[in-house]
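Below is one structure, written out as structure tokens, with a few remarks after it.
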Amino acid sequence: MAATSFVIAMSVMTLFWGLIGGVIPWFIPKGPNRGVIVTMLVLTAVCCYLFWLIAILSQLNPLFGPVLTNDTIWYLNQHWQ
Amino acid sequence: MSSLFRSEEMCLVQLFFQTESAHNCISELGHLGLVQFKDLNPGVAAFQRRFVKEVKKCEEMERILRYLEKEMVKSNTVIAATKEKEMVPCARDVLELESTFEKLEQELREINRNHAALRQNLIELMDIDSLLRMTEDFFEEAESLLTYSEPPSEDSVSMTVSSHITSRRNSNSSTSGALHLSFIAGVIKQERFPAFEKVLWRLFHGNFVLRHAEMQATEELQAVRGAVKKDVFIIFVQGDHVREKIRKVCEGFRASLYSCPKTLYEPKQMSTSVMTQMEDLRMILRRTEEYRAGVLTRAAEHVQEWGSKVKKMKAIYYTLNLCNIDITQKLIVAEIWCPVSDLTLVQSALIKGSEQSGSSVTPVLNRIQTQQTPPTFNRTNTFTEGFQAIIDAYGVGTYQEINPASYTIVTFPFLFAVMFGDCGHGLVMTLFAVWVTSQAESLRKWKNELTDVVIGGRYIILLMGMFSIYTGLIYNDCFSKSFNIFGSSWCVLSMFHPHGPWQNETLHEYHHLQLNPFVPGVYSGDPYVFGIDPVWNIASNKLSFLNSFKMKMSVILGVSHMLFGVALSLVNFVHFRKFQDIFLQFVPQLIFMLSLFGYLIFLILYKWCITLRSETAPSILLLFINMMLFDYQSEHVLLYRGQVFGNNLNDQHGTDTRSSFSQHQKDEMVSMGDIFVYQAIHTIEFCLGCISNTASYLRLWALSLAHAELSEVLWRMVLQVGLKISSGMGSLMLVVLFAAFAVLTVTVLLIMEGLSAFLHALRLHWVEFQNKFYEGSGYKFTPLSFDSLLKTQQ
């Protein structure tokens, strides 16, 4: 099936944050700060991914559309495809 | 060892060392900064301790040092910076330092006294000098008048009182005839002069002549005495009785009286003698000042070094006061708390200390078991200490429980950023934090409390700014404007004929039109890939969409945060081996939260993922309320087919967990009634608390809404007005308006909103997150550390 932009975006972001949260922590060198750095990476990945996911899922099936002024509509007609 | 997750394991150690090596050993431990001394004499009052005299001596020395520093600042001597780690002096150095200090203080005080006395003399001489010059004028004037009226006599002071001299004369003073008058001359402050004159008039009804003139304020005069204006006056009166009275009045007005020469030729002599005296005095004053500057400069080289030495001595004596001295006066016993991993370091420090003092016996370390709770020690570096500080501000963790600081490093800036969410403001904040971080050392010199707070929290602000840039990009909000990087998913063209209901005329009729996503082509089917679609920024109903999105987002983030907290409590239970708590507390809590709020999140996600027609879409809110009320009617449209079954399961779980709470057993012999009541209260508290805590997370929505609205108001009312001006002065107005925009952005949006979001994110952590697992009833580990001592008093 043709890759819609939603699928592409989903896979790219999941891969990106999965890399940061799941793969890079294994490569942090051993030292006194390893625990803190690994925690930071995992938590950052989880929080940022979750936040992005909420944003995109909430717009997946909109129940109503934006209300625009007629000037805006005229302008968008000309300039947005 | 991942030491930030849990506080370190501490041990109680007994130290035995010889009295001679006490100073060196304690100073070595102080340099190490890893050891907290326990108070072995808790019942003894402060003034009864053994080394209280020495502590007093150190405080006296500190006082003298402060006096020296004040003198140096007054005379603008430069204080040299300290050299690196000096050796701590032992007891005899203390005496030496003490005597040096006392000598210095005495010398300085004497110099200051002499200086003041000399200066006073100089002032008096200057007064006499100007007085002489004035009276010369008076007498000359009188002379010239007398030569016109009567020949003068050489040795008497008699002169004619002429009407030119004073303006306020009584008519009964004679205008001719020589009278024998005496006079009084002196100097009085100018502001007191009118009152002085009035009093004299009341007393003597004009039987006197008063002449006054302002003293010229030369530069030297101003340097010596300051900018006080003084007047020279001279009073001519008749009779000694009156003279005494006038003298008393002058004393009352604090006028300085000087004796004046009677004849015309003496003034010249007196004047010259006064001049020479003044010259001498000036020279002496200069010499005094030079000597003083020399003393101060010599002292300035050492004053900081002395200061740190004295502080260390005081700390050592204070520590010695906490220890026990043996009967034989040769052995000192101390008890210290120390991290287990640092025992070897402590041992080597003690050995070094005893070697320095030349004692042959090495100190003995003896680790003892104890039931007392050790202090909580979290090893932090400059990056993590800010976050540890904000956790400790609420409560220091109980010994060896999970330390939330390691998670707070990310979750706190993240929750802040959810409320702050503007990538333009986030960028400004990040740049500010980078600047503060790079300038931290030079900014510390300002020694202002506010700057200290900002410098201490520079890493927190940096992380807050970076996360704000990310959330700002997702909210698609940069100074209240949106980016359109990937192309909006909404297409206006498809609403028009032939796809949709609009015609060209529709635009003329209606001012506002709504896009309908169910018309094919209007909504592309793929949401905007990164964040909120840019079309919402220009829509009038943007808040309808954003409110729904942000509220659901707050609930999801809040429930996740709280579930994380509950999971951490599991880790605590495992560590402290409270397995019964796992079954009776953790599992019911988890089930309750998951069944209620997990179900809510499931509903939210389900409703987002499936396609619905807008007219028939059920509201999650009503659904939930109906479920709690056990209210099912067949007319209600169900969200999914198994909904009734799912809701039933939910309620069952809820009631089960509540009853299982009340069966929590404890091992100790406590009355069952108490336990039941306690557990019932705990259960109700947890249930209600869960609901109120979840609702509390809605502040994430509320604050981000407020921030976005404020930012938009600023744009619309300030900058847009400037950009819309089409006249020639527009560019100038734009400059002014942009300045206003920038100032308001920084003060209102960055500082005020930043503080507000900081506070609310902190509250969410302290209350909603930490009450799931954190006890916070420990006490902090405060080691004897010379570095922190010198830093705090710097």
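The values are calculated or read from the model by the stated rules, or taken from the named source; none is laboratory data. Remember, predicted model here, so these are calculated numbers, not experimental data. As a convention, Cβ positions derive from the backbone with ideal geometry for all residues, glycine included, and neighbour counts pool all protein chains shown.
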Subset tally (residues that are hydrophobic (A, V, I, L, M, F, W, C), part of a loop (DSSP other than H, G, I, E, B) and buried (at least 17 other Cβ atoms within 10 Å of the Cβ)) for the range B:344-383
1
Would you confirm, using the coordinates I've provided, whether B:Thr430 is more than 7 Å from chain A (Cβ to nearest Cβ) and either touching a residue at least 40 places away in the same chain (Cβ under 8 Å) or buried (at least 17 other Cβ atoms within 10 Å of the Cβ) (or both)?
yes
Residue set B:Phe17, B:Phe37; condition at pLDDT 85 or above and closer than 27 Å to B:Ser359 by Cα; output residue B:Phe37
Output the number of residues of the range B:212-267 satisfying the condition of being modelled with pLDDT of 65 or more and not in a loop (DSSP other than H, G, I, E, B).
29
Being outside any loop (DSSP other than H, G, I, E, B), more than 30 Å from B:Glu753 (Cα to Cα) and touching a residue at least 40 places away in the same chain (Cβ under 8 Å) is the filter here; which residues of the range B:473-493 pass it?
B:Trp490
Options B:Lys607, B:Lys578; residue that is under 46 Å from the mean Cα position of the chain (by Cα), at pLDDT below 90 and not aliphatic (A, V, I, L, M):
B:Lys578
Only one of (1) surrounded by fewer than 20 Cβ atoms within 10 Å (Cβ to Cβ); (2) in contact (Cβ under 8 Å) with a residue 24 or more places away in the chain is not met by B:Leu764, so which one is it?
(1)
Can you name every residue in the range A:37-49 that is among the hydroxyl-bearing types (Ser, Thr, Tyr) and at the interface with chain B (Cβ under 9 Å from one of its Cβ atoms)?
A:Thr39, A:Thr44
Just wondering, is there one or more residues in the range B:336-343 that are among the aromatic types (Phe, Trp, Tyr) and in a strand (DSSP E or B)?
yes
On the given criteria, is B:Leu415 within 13 Å of chain A (Cβ to nearest Cβ) and over 27 Å from the mean Cα position of the chain (by Cα)?
no
By residue number, the members of the range B:775-792 that are crowded, with 18+ Cβ neighbours inside 10 Å and either aliphatic (A, V, I, L, M) or outside any loop (DSSP other than H, G, I, E, B) (or both) are B:Leu784, B:Phe786
Any residue at all in the range A:38-60 that is more than 19 Å from the chain's Cα centre (by Cα), of a type in the set (A, V, I, L, M, F, W, C) and at pLDDT below 90?
no
Only one of (1) more than 7 Å from chain B (Cβ to nearest Cβ); (2) more than 13 Å from the chain's Cα centre (by Cα) does not apply to A:Trp74, and that is (1)
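This table checks each residue for (1) more than 14 Å from every other protein chain (Cβ to nearest Cβ); (2) farther than 20 Å from B:Asp93 by Cβ; (3) in contact (Cβ under 8 Å) with a residue 40 or more places away in the chain.
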| position | (1), (2), (3) |
| --- | --- |
| B:Met10 | yes, yes, yes |
| B:Ser27 | yes, no, yes |
| B:Val44 | yes, yes, no |
| B:Gln48 | yes, yes, no |
| B:Val55 | yes, no, yes |
| B:Ile64 | yes, no, yes |
| B:Glu69 | yes, yes, yes |
For the structure I just gave you, tell me whether B:Ile538 is at the interface with chain A (Cβ under 8 Å from one of its Cβ atoms), crowded, with 22+ Cβ neighbours inside 10 Å, in contact with a helix residue (DSSP H, G or I) (Cβ under 7 Å, 6 or more places away or on another chain) and under 18 Å from B:Phe483 (Cα atoms).
no
Look through the range A:22-36, keep the residues that are under 20 Å from A:Cys48 (Cβ atoms) and more than 11 Å from chain B (Cβ to nearest Cβ), and return whichever of them is nearest to the chain's Cα centre (by Cα).
A:Gly22
Just one of B:Phe496, B:Phe549 is more than 7 Å from chain A (Cβ to nearest Cβ) and without any contact (Cβ under 8 Å) to a residue 60 or more places away in the chain; which is it?
B:Phe496
So how many residues does the range B:326-351 have that are touching a Leu at 6+ places or on another chain (Cβ under 8 Å) and not acidic (Asp, Glu)?
13
For the structure I just gave you, tell me whether B:Lys550 is surrounded by 18 or more Cβ atoms within 10 Å (Cβ to Cβ), basic (Lys, Arg) and more than 16 Å from B:Phe686 (Cβ to Cβ).
yes
Would you mind finding the one in B:Gly472, B:Gly465 that is under 28 Å from A:Thr44 (Cβ atoms), more than 13 Å from chain A (Cβ to nearest Cβ) and either in contact with a strand residue (DSSP E or B) (Cβ under 9 Å, 6 or more places away or on another chain) or at pLDDT 90 or above (or both)?
B:Gly465
Within the range B:677-774, considering only helices (runs of 4 or more DSSP H) that don't extend past its boundaries, which have at least 1 residues that are of a type in the set (Ser, Thr, Tyr)?
B:699-714, B:730-744, B:753-763
All but one of (1) at the interface with chain A (Cβ under 8 Å from one of its Cβ atoms); (2) on the phi > 0 side of the Ramachandran plot; (3) in contact with a helix residue (DSSP H, G or I) (Cβ under 8 Å, 6 or more places away or on another chain) hold for B:Gly487, so report the exception by its number.
(3)
Subset of the range B:499-533 (residues that are surrounded by 13 or more Cβ atoms within 10 Å (Cβ to Cβ), part of a helix (DSSP H, G or I) and within 8 Å of another protein chain (Cβ to nearest Cβ))
B:Leu507
